[in-house]
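Beneath this line is the structure, given in structure tokens, with notes to follow.
The values are calculated or read from the model by the stated rules, or taken from the named source; none is laboratory data. Quick caveat, the model's predicted, so the values are computed rather than measured. With ideal geometry, Cβ positions are generated from the backbone for all residues, glycine too; neighbour counts draw on all protein chains shown. Quick note on the areas: whole protein, heavy atoms, side chains included, nothing else; ligands and nucleic acids left out. Shrake-Rupley method; radii C 1.70, N 1.55, O 1.52, S 1.80 Å.
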Amino acid sequence: MIERDACAALDAADKLAPLRNQFDLPHGVIYLDGNSLGAQPKSAAARAAQVVAREWGTDLIRSWNKAGWFELPARLGDKLAPLIGAGAGEVVVTDSTSINLFKALAAALAIQAGKPLAAGRKVIVTERSNFPTDIYIAQGLTTWLDRGYTLLPVDSAEQLATAIDADTAVVMLTHANYRTGALHDMRGVTAQAHRHGALIIWDLAHSAGAVAVDVTADHADFAVGCTYKYLNGGPGAPAFIWVAPRHQDSFRHPLSGWWSHAAPFAMQPSYEPAGGIRRALCGTQPIVSLAMVECGLDIFAQTGMAAIRSKSLALTDLFIALVEQRCAGHPLALATPRAHQQRGSHVSFAHPHGYGVMQALIERGVIGDYREPSIMRFGFTPLYTRFVDVWDAVDMLVDILDGEKFSRDGPHESVT
């Protein structure tokens, strides 16, 4: 049996432990929902105040140049790039994940339509269990284009292997499943798509900052993701988009706003795309939100993804082991793969009254979240989650389950 003292010893030996001090974590709370909204870096409030009081309040419009506002999306993109295996000039932080997915999908379809031997490709392959907004974006774009594109959702890795064929234009997948944390083999699936002449877009929303990702080595085509989960950029913070260098010259999308113009301040009546990754921009950026994204990224610069991934796996291993040891008599079913290469940084357990159990945990200060059907989801952010937090969270879960201290009512519209 794993005891709390053993977890405290792991914390004492943890090289990432000092980074926890850079986050403003509320007292008495065990936060296991960083896979949904990351915790606040202590520097974020001061940075936001600096932008509002000095850069906006005092320097006013001069801050577009003086404070570097105009270059902020690309500068932040360069800071984020190493976390996903990208290079300088390949990423911009901008817009939302949904909008960036729209751009990437539109660009990928346009690239395929421009190839003489690929113009007939009309199928977009995705997963039925993909994050719903990704599916909605594909449905909306293809309906609007009205050019015979169809969306093919698959239900398993085995179906994915046979679904990609000569009719596939684009494969659109989320690297880590938002319900279960199950990871795709990015290199293997990308190679499979390319063998059939398809392009691939990866959504890294549940990977970036917690899972070691290498879009370059794995030969991906496009990637998008958010900054408000493991990257701790703040609620609704701008997302990111990566375009492989080989596609940047041909990258085009319908949202051709002035920030992606080759000469944005020339105010020309016709659009001419900028070179490089700036083509992925659209309109004027939310500067205060962008500035806070940098606070989270600066913490990542103090460590490396190998150390982060190692701790992520150790935390999730510990959680799975403790739940299975101490809650063995309860109807809990692990929904997350055990194999390290198949697991992200959150762990999901199904329970017939998962919603009620999760609400009971939250009321006691252990914050995870719930997803239909019956899934209790626990996220482990290596920058600030401690091993004793894992032990204490499971201890609370044991007390709730053993004492049946949870509601059997179903979920309501408002779910934490």
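For region 252-349, the Kirkwood estimate of hydrodynamic radius, built from reciprocal distances between every pair of different alpha carbons, is 18.1 Å. Which shape class applies to region 145-203: rounded if a/c is under 1.5, otherwise prolate when a/b exceeds b/c and oblate if not, where a ≥ b ≥ c are the square roots of the Cα gyration tensor eigenvalues? Verdict is prolate for region 145-203.
Please compute the contact order of region 257-416 in relative form: average sequence separation of alpha-carbon pairs under 8 Å and at least six residues apart, divided by the residue count, as a percent.
That works out to 20 percent.
Remark: C-alpha extents of region 300-339 on the principal axes read 43, 17, 13 Å, sorted largest to smallest.
Near the amide H of V154, within less than 5 Å, lie the amide hydrogens of T126, E127, R128, all on another chain or at least 5 residues away, with H placed in the peptide plane. Here the sum of -39500 (n - 2.57) over DSSP H runs of 4 or more residues, divided by the residues of the chain, equals -10500 deg cm²/dmol at 222 nm, to the nearest 500.
Taking the inverse of the mean reciprocal distance over all distinct Cα pairs, the Kirkwood hydrodynamic radius of region 43-106 comes to 13.5 Å.
Of the solvent-accessible surface of region 1-127, computed with a 1.4 Å probe over protein heavy atoms with every protein chain present, carbon and sulfur atoms account for 61 percent.
In order along region 246-251, phi translates into HN-Hα couplings of 5, 9, 5, 5, 9, 6 Hz, rounded to whole numbers, per the Karplus curve 6.51 cos²θ - 1.76 cosθ + 1.60 with θ = phi - 60° and x for Gly and Pro.
For region 205-281 versus region 106-143, the spacing of their alpha-carbon centroids is 18 Å.
Summing Lys and Arg as +1 and Asp and Glu as -1 over all other residues whose Cβ lies under 13 Å from the Cβ of F23 gives a net charge of 0.
Around R75, what is the net charge, scoring Lys/Arg as +1 and Asp/Glu as -1 over all other residues with Cβ under 15 Å from its Cβ?
Around R75, the charge tally is -2.
Taking every DSSP bridge with both residues inside the chain, close to 55 percent are antiparallel. The residues of region 183-256 have, on average, 31 Å² of accessible surface per residue, using a 1.4 Å probe with all protein chains present.
Exceeding 22 Å between C-alpha atoms, which entries from my cross-link table qualify? They are K15/K42; K229/K311; K66/K103; K42/K229; K42/K79. Table pairs above 22 Å Cα-Cα are K66/K103. Computed over the alpha-carbon pairs of region 146-267, the distance histogram in 10 Å steps reads 11, 37, 35, 15, 2, 0 percent, short to long. Taking 0.36 nm per residue of separation and subtracting the current Cα-Cα distance, fully stretching the chain between S270 and R128 would add 47.1 nm.
Membrane-span-like helices in the chain: DSSP H runs reaching 15 Å or more (Cα, own axis), mean Kyte hydropathy at least -1.0? Membrane-span-like by this criterion, though nothing is claimed about a membrane: 97-113, 132-145, 287-300, 305-326, 387-402. Per residue, region 285-416 exposes an accessible area of 37 Å² to a 1.4 Å probe, with every protein chain left in place.
For the chain, relative contact order (Cα pairs under 8 Å, six or more residues apart, normalised by length) works out to 22 percent. Applied to region 217-223, the Karplus parametrisation 6.51 cos²θ - 1.76 cosθ + 1.60 on θ = phi - 60° returns per-residue 3J(HN,Hα) values of 5, 8, 6, 5, 9, 9, 8 Hz, with x for Gly and Pro.
The apolar share of the surface of region 261-416, taken as the fraction of accessible area on carbon and sulfur atoms (1.4 Å probe, ligands and nucleic acids excluded), comes to 52 percent.
Scanning residues 5 or more positions from Y370 or on other chains, those with amide H under 5 Å from its amide H are R377, with H placed 1.01 Å from N in the peptide plane. Where q = 0.12, 0.15, 0.18, 0.23 Å⁻¹, what log10 of I(q)/I(0) comes from the Debye formula for region 1-109, counting one point per Cα? Debye output, listed in q order: -0.73, -1.00, -1.19, -1.33.
Can you find, among V293, S36, A321, the residue farthest towards the positive end of the dipole of the chain? Put +1 on the C-beta of Lys and Arg, -1 on that of Asp and Glu. It is V293, whose Cα lies furthest towards the positive end. What is the calculated FRET efficiency for D5 to N65, with r their C-beta to C-beta distance and R₀ = 51 Å, to the nearest 0.05? Working from the Cβ atoms, E equals 0.35.
Only the Cβ atoms of Lys and Arg (+1) and of Asp and Glu (-1) were treated as charged; on that basis the dipole of the chain about its Cα centre amounts to roughly 960 debye. Calculated accessible area for region 88-180 comes out at 41 Å² per residue, all protein chains present (probe 1.4 Å; ligands, DNA, RNA ignored). Of C282, C7, the order by accessible heavy-atom surface (1.4 Å probe, DNA, RNA and ligands excluded), from most exposed downward, is C282, C7.
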